[in-house]
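The next block holds one structure in the form of structure tokens; read it before the comments.
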Amino acid sequence: MSKRIKIFLFAIIYTLTTFSTFSVQASKVTYSKTLEQIYKSKDVYTDTQKRLKEFNKNYSNITYLFSAGKSVQKRDLSVIKIGNGSKKIFINAAHHPREYIGTILTLNQIQNLLEAYTSNGTIDGQKVRNLLDNQVTFYFMPLVNPDGVQICINGSPSYYFNANKVDLNHNYDALWFKKITSTYSTGTKAFSEPETQAVRDLCLNIEFDVTLAYHAAGDIIYWYFGQEGADKTRDLAYANMLKSTTGYSLVSPANYKSSTSGFKDWCVQKLKIPSFTLEIGGKRGITKPVEWSYYNTIWNQNKLVPVRIAKQLMSQKKFISDKNTTLIYKSNLFRQGQILSINGKQYIAEKDVTLLTGIIPESQKEELNETAIYINKIPYINLETLAKCLNLTSGLKNPQIRFIFHK
Ligand SMILES: [Zn+2]
């Protein structure tokens, strides 16, 4: 089978499976396992995947589930997108395996948002439907390190690395240095690991406005990595909001260089966006997963965090964004089979365009529709036209666009 036909068939199958799950909203959603059962499972990865698919199936009008890449052992690094707002929030958990109580917390936060959306309810006085339809979009990655979590729960409770024995939260490009011992391992180079590469590419693709990573334990908040001036003021305001929401303490900015090359460090230093590490699970260090009996406290401390972050973001004055580079970065998601190549032209499902760029303005729809094609009545948009509409003009002559077409 030629490569083009293979891609085509893959895209068709992908499309059919995605759209066949469009169903009438179930009034009462039931799940195959409770959060406690997922936490105590011997296959947290599979059960988390299952729960994300259940969210996606039952709330298909507001969610979009995709894989940002594969782990060392080829597990999916799943991300669920919730909402259609233009401001983007990324919340992840379980860089460190034994800290995977954060996975359960993020699943709970997802469920809370979806239930409030569906019932037209409020969280913290905020109408969730208005928030998700018009203001923000959440991206949750509950399991950054699925291989490590599987190793942890199957006989190595203190496990801290990925399957390559690298500490993923010391593998980002922010004052990275090489150090490999039995207890401390930053990898052979920054972004040497598929998991950190996937997180990096996701961040570059989606261009988040704020990010948050859950770790354990300590009941503390890391927020500083060398910000100055307005950026420091902006990020301290978030940090104080998180402090009052959770009751956790802020880690002092002094000596911030004593721990480097974490996810938050990279977001702050390289992306120049507000980013936070929350250490949940009690004022202590841990050498094995947090006991389930702590969970209720963790939930009560963190249930408002997503909406509070969204509110803070909506009140933020200044944003970092360089829309001219959007499509270069986004090509990474395009490579995952969402592109159709037909007669030498490339197309992307309109649904996926919305995922990547936000809602297409009515004024541009006409031009896009002229070059769109329909497969099973589903519109696919011509990439070149899309680039033009996004002001990434001059088509194939533009090196940025060429990158997309040739990658
Ligand atoms: Zn950690």
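Data overview
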{"read-out": "Fully extended contour minus Cα-Cα distance, from residue 182 to residue 154, at 0.36 nm per residue", "value": "8.1 nm"}
{"read-out": "Other-chain or far-sequence residues with amide H under 5 Å of residue 69's (modelled H)", "value": "77"}
{"read-out": "Per residue accessible area in Å² of region 31-314, where ligands, DNA and RNA are left out and the probe is 1.4 Å", "value": "36"}
{"read-out": "Net charge, residue 53 excluded, C-beta distance under 15 Å - Lys, Arg +1, Asp, Glu -1", "value": "+2"}
{"read-out": "Residue-count net charge about residue 238 - beta-carbon cut-off 12 Å; Lys, Arg +1, Asp, Glu -1", "value": "+3"}
{"read-out": "Rounded to 5, the percent of DSSP beta bridges in region 32-169 classed as antiparallel", "value": "65"}
{"read-out": "Cleavage-rule hits (chymotrypsin sites (Phe, Trp or Tyr not before Pro)) in region 110-217: DSSP loop, at most 12 neighbouring Cβ within 10 angstrom", "value": "177, 184"}
{"read-out": "Efficiency of FRET between residue 28 and residue 299 - r from beta-carbon atoms, R0 22 angstrom, step 0.05", "value": "0.55"}
{"read-out": "Anisotropy class of region 70-203 from Cα gyration tensor, a/c 1.5 cut", "value": "prolate"}
{"read-out": "From phi via Karplus (6.51, -1.76, 1.60), per-residue ³J(HN,Hα) for region 244-261 in Hz, x at Gly/Pro", "value": "6, 6, 9, x, 7, 9, 7, 6, 4, x, 4, 6, 4, 6, 6, 10, 10, 6"}
{"read-out": "Accessible carbon and sulfur surface of region 31-314 relative to its total accessible area, %, 1.4 Å", "value": "48"}
{"read-out": "Share antiparallel - DSSP beta bridges, region 31-314, percent rounded to 5", "value": "45"}
{"read-out": "Cα centroid separation, region 138-188 to region 229-271 (Å)", "value": "21"}
{"read-out": "Gyration tensor (alpha-carbon) shape descriptor, region 31-314, a/c threshold 1.5", "value": "rounded"}
{"read-out": "Residue 124-residue 317 pseudo-label distance in nm [points 7 Å out on the Cα-to-Cβ vector]", "value": "2.2"}
{"read-out": "Three-way shape label, region 126-189, alpha-carbon gyration tensor, a/c 1.5", "value": "oblate"}
{"read-out": "Loop-resident sites, region 45-80, for chymotrypsin sites (Phe, Trp or Tyr not before Pro), counting at most 10 other Cβ within 10 Å (DSSP)", "value": "none"}
{"read-out": "Coil-residue GluC sites (Glu not before Pro) of region 182-235, DSSP, other Cβ within 10 Å capped at 13", "value": "228"}
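The values are calculated or read from the model by the stated rules, or taken from the named source; none is laboratory data. As the structure is a prediction and not an experimental result, all values here were calculated from the model. Because the Cβ atoms are built from the backbone with ideal geometry, glycine has one as well, and the counts that use them run over all protein chains shown. The accessibility values were calculated without ligands, DNA or RNA, using every heavy atom of the protein model including side chains. Shrake-Rupley method; radii C 1.70, N 1.55, O 1.52, S 1.80 Å.
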